[in-house]
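Participant: I'd like to ask you about the structure that follows.
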């Protein structure tokens, strides 16, 4: 899992390089050029701040594992982490991208929101030991990475002129994709229920184990209903 986290930080660094190069984009109108320059600077700073935030997020967990800080101190840090992350995400709404770049900004925002939810579930796992929270965190982490890559593809296409049309298509959040991800997470949770409470033959060793399995399944379905778009 650590390898995946490091990979995500590397992807974030690549994002900063790509976004930073927006200043070289050839705008035909001077006013639009200045708008694009300011937009590029603001978006680059957002991605940089998120990257630094994630580095701190995992470094503090390492400190806890090595005994340098207590669990209470870690959770206190994580509480502030979520607040700071939310404040950074709110800055996406304040940038003013040229029309061709709007979809890339929206995708990067969705990526960050999904990463925030992943972090929240990760903290829940640290706090309670709930394995289903860890599963949700891992799945949402991968989802955040996918959205980030989509956002970078959109950004680079606009920057290089691959995406070039007189009336840019309207972008809407990929709700169908989010629905699929919620279903996928729910199935992962139910598989974990089976693994934890059923025996090798697919049955139950006691009535209590069956009750626990039933409650586990109900929690998964409840989570799905709460998170479906």
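Participant: Quick one: would you say residue 61 is at pLDDT 85 or above, touching a helix residue (DSSP H, G or I) at 6+ places or on another chain (Cβ under 9 Å) and crowded, with 17+ Cβ neighbours inside 10 Å? Break it down stepwise before answering.
Facilitator: Details: at pLDDT 85 or above: yes; touching a helix residue (DSSP H, G or I) at 6+ places or on another chain (Cβ under 9 Å): yes; crowded, with 17+ Cβ neighbours inside 10 Å: yes.
Yes; evaluated as a whole, the condition is true for this residue.
Participant: Right, next: Restricting the first residue to segment 115-126 and requiring it to be surrounded by fewer than 18 Cβ atoms within 10 Å (Cβ to Cβ), which pairs with a second residue that is not in a helix (DSSP H, G or I) meet a Cβ separation below 7 Å and a spacing of at least six or different chains?
Facilitator: Note: pairs meeting the criteria are 124/130.
Participant: Looking for whichever is surrounded by fewer than 19 Cβ atoms within 10 Å (Cβ to Cβ), free of Cβ contacts under 8 Å to residues at least 40 places away in the same chain and under 27 Å from residue 221 (Cα atoms) here; the options are 129, 67. Which one fits? Working first, answer last.
Facilitator: On the way: 67 fails: under 27 Å from residue 221 (Cα atoms).
When all the criteria are applied, what remains is 129.
Participant: Continuing with the same structure: Checking residue 192 against (1) surrounded by 16 or more Cβ atoms within 10 Å (Cβ to Cβ); (2) within 27 Å of residue 43 (Cα to Cα); (3) modelled with pLDDT of 75 or more, which single condition isn't satisfied?
Facilitator: Condition (2) is where residue 192 drops out.
The values are calculated or read from the model by the stated rules, or taken from the named source; none is laboratory data. Here the structure is a predicted model, which is why all the values come from computation and not from measurement. Here the Cβ is made from the backbone with ideal geometry for all residues, glycine too, and neighbour counts use every protein chain on show.
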